[in-house]
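I have placed the structure first, in the form of structure tokens, so that the comments after it can refer back to it.
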Amino acid sequence: MSATGVGASVRRKEDFRFITGRGQYTDDIARPGQVYAAFVRSPHAHAAINHVETSAAAAMPGVLAVLTGAEFAADKLGNLICGWMIHSKDGSPMKMAPHPALANGKVCYAGDPVAVVIAESLAQARDAAEKVEVDYGVLPAVVDPAAAQATGALQIHDIAAKNTIFEWHLGDAQATDAALRAAKHVTRFDLRNNRLAPNAIEPRAAIAEYDAGNDSFALWNTTQNPHVARLVLSAFIGVAPEHKLRVIAPDVGGGFGSKIFIYPEEVVCLWASKKVRRPVKWTAERIEAFLADAHGRDHVTHAEMGFDEKGKIVGLRVKTIANLGGYMSTFSSSVPTYLYATLLSGQYAIPAIYCEVDAVYTNTVPVDAYRGAGRPEATYVVERLMEISAREMGIDPVELRRRNFIKTFPHQTPVIMTYDCGDYGASLDKALELAGYKSFGERKREAARHGKLRGIGLSTYIEACGIAPSQAVGSLGAGVGLWESAEVRVNPTGTVEVLTGCHSHGQGHETTFAQLVAERLGIPIEQISIVHGDTDKVQFGMGTYGSRSGAVGMSAIAKALDKVEAKAKKVAAHLLEAAEADIEFKDGKFTVAGTDKSAAFGEVALNAYTAHKFSGSELEPGLKEGAFYDPTNFTFPAGCHVCEVEVDPETGQTAIVSWTAVDDFGVVVNPMIVEGQVHGGVAQGIGQALMEHAVYDETGQLVTGSLSDYVLPRAEDLPPLVVDTTVTPCPSNPLGVKGCGEAGAIASPAAVMNAITDAIGTEDLAMPATPQAVWAALQKAGRRAAAE
């Protein structure tokens, strides 16, 4: 392994500009003559729009335009779409309601944009927005997903009876029912996977510029997938033909899934820029982000897991109601279906699984992918069931997991997925050793002497990453193929530019992608630059989400590098006057086998552009190659996280005293970056388990709409994390990598809740396990024990 190649903990190349304040985010960009947008948002969760009066706002100083949903509709622009088709059990397609960028006729959640003011300054735009008068006919709000389908609940969209988008299922209902009837023991569990607000450190922003000279647009945007954004804006919304729309994603300060989607604001900014013939800029305030960014999770689930007399799982049945909010978002339909139910087998050999999912509309902001996207929800169901089952049957939770681990691969689950490789026992063993699991009893007794309750919880998770191959996801309803593209350009001086369809918003691609190139070409990492995020520079690519950049994006780069090496060998053969078959390439040097004749990579690169060298041959000048890569399977990272907590029974306060994470990510490109990804994911999962919760009241008002009310984890909430890995190389991509970006957020909520319930001795506790909730659970358990 070289000092900068695959497997080395290379410091991130991009960090210098970030930590010195030299990053360029969308809000840092100022276009000549730019003006500002301020949105008028509905204060009501559900209401008819009777009239929008804009005259007072239009007369305010500096105002260029006040635009409404009626004008948007008059210009015949399309609706925002959901790009993943789901069919109900009866074969009917999902009920996708119209979602205009500016509400027209009615609003469906508090924060739904109704109008936009364009003004010379941001202050003028905001002042004028307050003068827009909207006559609303307020309607009852539907907020609770569990009640959305109830008789008497007001129907939000005409297309969706009983507010039901689809009633979907997966698995074998008859086999699962029979297995549960015959089971020796059945554990039943009701849970709520709490709703989360993403809160990336950089809020969403957009700058749209119309060029009347060639009738084209440019959009600077906080997006995770510029080409997909351009495709949707062009083909479905109809802003401009694809070749007349450039989308640029500069530095992006975190996404966690929430910046995958096409939002109303960027659509409106593009439309408005043509109306006023000026660049239009909008940056969300944090309070707008709470109101308008797609939220995550929000499942209501009943689950049953059956075991035989040996403690082997015989069947799993799950019924989930998934809240998708007031409208469908770009990929919202896939999250509670194919990204959720397909992972309900976990790491276990379960012969029969049946899952039903009803997706419903409510008068809340749309819900879509958030770090993990369906996989955290599935892991929470399975791992809470495993822990509760072990306690009910009097079996050690570790032993119960071992009895049910999948041990031979490939393994076909009953819910579509074929796991290609893994060693779940190795991750478990290593995690238990690092966590000091055998000596936990001593620590528990010591805590008791100090009046504290100590608990330990495990989460042995699995996830599917890469979100591919295209044929598979296409057959499941995806509207686009999920391959990736890359182009490797070798300059005459031997420096290299890599153009990738992936997008980096915190993952460290400028480092890890360069490490692969440095190792393959044998050149210094400083001579490599990674280009991404601009549809005018980079060939079409699918962006970054689902931990796909390593397994899919880097594999595309590897394929392009194969072509570069093959072409370079032809050039070297001419240069060294040898047969191409005799050319060998290693450590940045081309040699003729069996001789001392050689040429450095830079020398060959220069000769590739010296066209007269190839006179009389069919070899073209230049050294630039591209590739598209479509995987043959998902990748399946897996591992074991162990959480140890201490609970104060007087206050309900929970302290996480230790955390151990052992993950199998396949081949690790940069251990330091991987560890950072695990830390971040665990922090977000702990946040969900202990404190984060986006709460709406019965009228549809978001009562946790600021950082004063929505609690995020701080450094003091996290213990030092012990992070390690095991390795089973992935056989379905050329690099053996699996993906690491979401694992921490997938494993951690169940580990925390298993630890807390172990400490307090009751399962009657839902996320978030706030001090108040833990204290109440202890009091309720105490009263129940006293009554018995």
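Things worth noting here:
- Any hit, region 507-520, residues being open to solvent by 10 Å² or more (accessible area, probe 1.4 Å), closer than 15 Å to residue 226 by Cβ and among the basic types (Lys, Arg): no
- Contact annotation: residue pairs with Cβ atoms under 9 Å, 6 or more positions apart or on different chains, pairing a residue in region 345-357 that is at positive phi with a partner that is of a type outside the set (A, V, I, L, M, F, W, C) and part of a strand (DSSP E or B), are 346/460; 346/461.
- Filter result for residue 200 (touching a residue at least 40 places away in the same chain (Cβ under 8 Å) and touching a Gly at 6+ places or on another chain (Cβ under 7 Å)): yes
Matching residues to (1) of a type in the set (Asp, Glu); (2) buried (at least 21 other Cβ atoms within 10 Å of the Cβ):
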residue: 674; (1), (2): no, yes
residue: 681; (1), (2): no, yes
residue: 689; (1), (2): no, yes
residue: 697; (1), (2): yes, no
residue: 714; (1), (2): no, no
residue: 727; (1), (2): no, no
residue: 730; (1), (2): no, yes
residue: 734; (1), (2): no, no
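- Exactly one residue out of 186, 232, 276, 280 is crowded, with 24+ Cβ neighbours inside 10 Å and modelled with pLDDT of 95 or more, and it is 280.
- Pair list, Cβ under 6 Å, 6 or more apart: region 181-195 residue within 30 Å of residue 370 (Cβ to Cβ), other residue among the small types (Gly, Ala, Ser) and open to solvent by 20 Å² or more (accessible area, probe 1.4 Å): 192/766
- Every condition in (1) surrounded by fewer than 16 Cβ atoms within 10 Å (Cβ to Cβ); (2) among the small types (Gly, Ala, Ser); (3) outside any loop (DSSP other than H, G, I, E, B) is met by residue 485 except one, and the failing one is (1).
- Residues of region 293-321 satisfying the condition of being among the aliphatic types (A, V, I, L, M) and over 25 Å from residue 470 (Cβ atoms): 300, 303, 305, 313, 314, 316, 318, 321
- Boolean, residue 472 is within 30 Å of residue 93 (Cα to Cα) and either out of contact with any Leu (no Cβ under 8 Å at 6 or more places or on another chain) or in a helix (DSSP H, G or I) (or both): yes
- Among the conditions (1) closer than 22 Å to residue 18 by Cα; (2) part of a strand (DSSP E or B); (3) open to solvent by 20 Å² or more (accessible area, probe 1.4 Å), the only one that residue 499 does not satisfy is (3).
- For residue 595, the stated conditions hold: it is more than 28 Å from the chain's Cα centre (by Cα) and either assigned to a strand (DSSP E or B) or of a type in the set (Val, Ile, Thr) (or both).
- Enumeration of residues in region 189-218 that are aliphatic (A, V, I, L, M) and either open to solvent by 20 Å² or more (accessible area, probe 1.4 Å) or farther than 23 Å from residue 315 by Cβ (or both): 196, 197, 200, 201, 205, 206, 207, 208, 212, 218
- Residue 713 vs. criteria part of a loop (DSSP other than H, G, I, E, B) and over 30 Å from residue 287 (Cβ atoms): no
- Reported count of residues in region 564-587, each being part of a strand (DSSP E or B) and buried (at least 16 other Cβ atoms within 10 Å of the Cβ), is 2.
- Summed over region 1-52, the residues that are open to solvent by less than 30 Å² (accessible area, probe 1.4 Å), of a type outside the set (Ser, Thr, Tyr) and under 22 Å from residue 281 (Cβ atoms) give a count of 8.
- Answer residue from region 699-712, given it is closer than 28 Å to residue 147 by Cα and of a type in the set (A, V, I, L, M, F, W, C) and is least open to solvent (accessible area, probe 1.4 Å) among those: 702
- Some residue of region 645-652 being on the phi > 0 side of the Ramachandran plot and open to solvent by less than 10 Å² (accessible area, probe 1.4 Å): yes
- Candidate set: region 542-561, residues that are in contact with a Pro (Cβ under 8 Å, 6 or more places away or on another chain) and assigned to a loop (DSSP other than H, G, I, E, B); chosen: the one farthest from residue 734 (Cα to Cα): 543
- Residue 590 meets each of the listed conditions (1) farther than 30 Å from residue 339 by Cα; (2) open to solvent by 10 Å² or more (accessible area, probe 1.4 Å); (3) not small (Gly, Ala, Ser) apart from (2).
- Checking each residue in region 288-336 for being farther than 25 Å from residue 406 by Cβ, out of contact with any Gly (no Cβ under 6 Å at 6 or more places or on another chain) and assigned to a helix (DSSP H, G or I) picks out 288, 289, 332, 333.
- If you go through region 6-28 and keep only what is assigned to a loop (DSSP other than H, G, I, E, B) and in contact (Cβ under 8 Å) with a residue 60 or more places away in the chain, you end up with 6, 7, 8, 9, 10, 11, 12, 13, 14, 23, 24.
The values are calculated or read from the model by the stated rules, or taken from the named source; none is laboratory data. It should be emphasised that the depicted structure is a prediction, and the values quoted were computed from it without experimental measurement. Note that we place each Cβ from the backbone using ideal geometry, even for glycine, and neighbour counts take in every protein chain shown. To get the accessible areas, we keep the full protein, side chains included, count just its heavy atoms, and leave off ligands, DNA and RNA. Shrake-Rupley method; radii C 1.70, N 1.55, O 1.52, S 1.80 Å.
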